[in-house]
Amino acid sequence: MVRSTAWLLGALLGLICVLPPVLMTPRTAQCTSLKTLKNKLIGRRRNMKHNLPINYTIRVHYEEVFKLSNITRLRARVEDLEDGDLQDVWLLVNQEVLKRILRVLPVRHPSYKYTTDLEDLFRKVQQVFPPQSDEREPPEQIEEIYKRVKEIDSKGWRFVTPKSLLDNCYRTMHCLFKDCFPSEDREQDYCGLPHWRKGRKRLQ
């Protein structure tokens, strides 16, 4: 009887251990990864501004300066655009941005590990991204962004501070994955500049 009770208890404990991964939906896993990334990005001011020379800039593709205004413009101009298309652009652009930042940082620089940690978090976010349907191709304008971001000899270079690039990453993440970042104000618009202007006194 004691052995039978112990077996049942062990089985129940095993079931409890197995249930959380089963119950975690792809959307939940994605939001968990994005919230972890958000918490890491909060340290961008110290690592990408205070640890670098004043007004220090790096060279990036025009498309890698991915701001809220770019999202608004693409939504207005691109037919058959889906949120998944913009989310894929966000992921690609910011992974490339981190590579460019790492290229100019010595390994012993105080912000080097912070940047590699961000790279690792982006890889984890990518792992839980929903797969694109094989039956649908992204709009031509989105394909062009993919292509230009990967170009080596681009004519559309811009010089931007690393902090500004990560500010863009932080804000556009909230805009494109707003369901993962619920606000007390249900009418809060993460895609609108007024929200971020209002929140400048907060660490954003």
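The values are calculated or read from the model by the stated rules, or taken from the named source; none is laboratory data. This one's a predicted model, so the numbers in the text were calculated from it and none came from an experiment. Please note: Cβ atoms are built from the backbone with ideal geometry, for glycine as well, and neighbour counts cover all protein chains shown.
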Residue set Glu151, Glu119, Glu96; condition modelled with pLDDT of 95 or more and either exposed (fewer than 12 other Cβ atoms within 10 Å of the Cβ) or in contact with an Asp or Glu (Cβ under 7 Å, 6 or more places away or on another chain) (or both); output residue Glu96
Exercise. Has region 74-81 got at least one residue that is in contact with a Cys (Cβ under 9 Å, 6 or more places away or on another chain) and in contact (Cβ under 8 Å) with a residue 40 or more places away in the chain?
Worked result: no
Per the filter on region 140-171, residues under 24 Å from Ser33 (Cα atoms) and aromatic (Phe, Trp, Tyr) are Tyr146, Tyr170
Of (1) hydrophobic (A, V, I, L, M, F, W, C); (2) surrounded by fewer than 14 Cβ atoms within 10 Å (Cβ to Cβ); (3) more than 20 Å from Asn168 (Cα to Cα), Val128 satisfies every one except (2)
Filter region 99-116 for residues that are under 14 Å from Pro162 (Cβ atoms) and of a type in the set (A, V, I, L, M); the one that is surrounded by the fewest Cβ atoms within 10 Å (Cβ to Cβ) is Val104
Per the list (1) assigned to a helix (DSSP H, G or I); (2) in contact (Cβ under 8 Å) with a residue 24 or more places away in the chain; (3) farther than 21 Å from Thr172 by Cβ, residue check on Gln141 breaks on (3)
